[in-house]
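Written below as structure tokens is the structure these notes are about.
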Amino acid sequence: MKARVHVMLKNGVLDPQGEAVRHALGSLGFDGVEGVRQGKIIELDLTETDPGKAKETVTAMCEKLLANTVIESYSVEIA
Amino acid sequence: MHAAVIVFPGSNCDRDMKVAFENAGARVSMVWHKDTEMPAGVDVIGVPGGFSFGDYLRCGAIAANSPICQSVKAHADKGGYVLGICNGFQVLTETGLLPGVLLRNSGLKYVCKALDLKVETSNSAYTSGYNAGTTITIPIAHHDGNYYADDDTLARLNDEDRVAFRYVENPNGSQQDIAGILSDNRRVLGMMPHPERMAEEIHGNTEGATLFSSLVGSLENA
């Protein structure tokens, strides 16, 4: 079973890398980009076969390591 | 006074920290990250600068979950002293021993230079050798030193006199120019600047050595 975790900076937390990408897009002539937020996708291969249990385990992984919930939010997809 | 300095894969200020502790009169044990226990009788644990585990995932995140960090947490929970410098500060925020987080520098560049810091409080074992309000010159060398915490946390740090150092000129976008903070019991200090790199005459000045001598002196008299 595969899991995919999306980690994003929370709203209100300055994202200097996203801002740099926004500036670079502007200088390439892509107008109209009002904001860019950069995050991470983490893909996991799991031996677990029960989707509910997999989601529970991956959520625990996010809380403990994969995201820093002081500044980041996360979502878990099980496929 | 017995200090332990933790060594992670990618630590690169561990030996400088050892020398700074020794010059202040401490006995130093180097402790590998896979160890699970501190040597007996450790008074203070130093978490050094560097790029532990290549800064993978987030700076300090992997180190904060390494076996030895359970002992670091246990030491702090018992009221022990812990000093985290640069990457060590990032590790201490990731363990939850200090609040907030260190984000990428707002200018996106790695900044390596000596800077003026204002000593905000002399009320800690680390800063008792300085007068509050004094300016000292200490180098920084980091890519992720942009201190961030929510408004409630910042208010608490200020109300409880827990900001140890502020930058005179903000190099990285840190909220409220914060360069170093103390835990609520004032025994855990995290700071981005490197006092161990300004601790001998050959470094340019010895203003960083004062932090180590204050700490060792306070603990020996305790």
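No value in this document is a laboratory result; all are computed from the given coordinates. Keep in mind it's a predicted model, so treat the numbers as computed, not measured. Note that each Cβ is placed from the backbone with ideal geometry, even for glycine, and that neighbours are counted across all protein chains shown.
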Practice problem: Give me a single rounded figure for A:64-72: the average over its residues of other chain Cβ atoms within 10 Å of their Cβ. | Solution: 5
Quiz item: Is the shape of the range B:70-222 rounded, prolate or oblate, going by the alpha carbon gyration tensor and its root eigenvalues a ≥ b ≥ c, with a/c under 1.5 for rounded and a/b larger than b/c for prolate?
Solution: rounded
Exercise. Would you please classify the overall shape of the range B:178-222 from the alpha carbon gyration tensor, given that a ≥ b ≥ c denote the square roots of the eigenvalues, rounded means a/c under 1.5, and beyond that prolate means a/b larger than b/c while oblate covers the rest?
Key: oblate
Quiz item: What length, rounded to one decimal in nm, is gained on full extension from A:Leu14 through to A:Lys40, with 0.36 nm per residue of separation minus their alpha-carbon distance?
Solution: 7.8 nm
Quiz prompt | Chain lengthening between B:Asp152 and B:Arg27 when straightened (0.36 nm per residue, less Cα-Cα) | solution = 41.1 nm
Quiz item: Given chain B, what percent of its DSSP beta bridges are antiparallel, to the nearest 5?
Solution: 55 percent
Quiz prompt | Residue-span extension gain [B:Ser106 to B:His2] - 0.36 nm each, minus C-alpha spacing | solution = 33.6 nm
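For chain B, what are the DSSP H helices with axial Cα length of 27 Å or more and mean Kyte-Doolittle hydropathy of at least 1.0?
Going by DSSP H runs, there are no hits.
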Quiz item: Size of the dipole of the protein assembly as shown about the Cα centre, Lys and Arg at +1 and Asp and Glu at -1 on the beta carbon, nothing else charged, in debye to 20?
Solution: 340 debye
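Residues of B:99-108, mean number of Cβ from any other protein chain within 10 Å of their own Cβ, rounded to a whole number?
Counting Cβ atoms of other protein chains within 10 Å of each residue's Cβ and averaging gives 3.
Between B:Glu37 and B:Asn12, what FRET efficiency follows from the Cβ-Cβ distance if R0 is 25 Å, with the result rounded to 0.05?
It comes out at approximately 0.55.
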Quiz prompt | Rounded, prolate or oblate (a/c below 1.5 giving rounded, otherwise prolate when a/b exceeds b/c) for the protein assembly as shown by Cα gyration tensor | solution = oblate
Quiz prompt | Signed unit charges on C-beta, dipole axis of the range B:108-222, positive-most listed residue B:His194, B:Thr137, B:Gly204 | solution = B:Gly204
Exercise. Taking H placed 1.01 Å from N in the peptide plane, check which residues at least 5 places from B:Val82 or on another chain put their amide H under 5 Å from its amide H.
Key: B:Ile45, B:Val188, B:Leu189
Practice problem: Treat each spin label as a single point 7 Å out from the Cα along the C-beta direction, and report the B:Asp159 to B:Asn123 distance in nm. | Solution: 1.4 nm
Exercise. Cross-chain or 8 or more residues apart, Cα under 24 Å: how many lysine pairs in the protein assembly as shown fit that? Count them up, please.
Key: 24
Exercise. Please arrange A:Ile41, B:Ile138 by counting, for each residue, the other beta carbons lying within 10 Å of its beta carbon, fewest first.
Key: A:Ile41, B:Ile138
Exercise. Please work out the C-alpha center-to-center distance from the range B:38-112 to the range A:6-57 and express it in whole Å.
Key: 25 Å
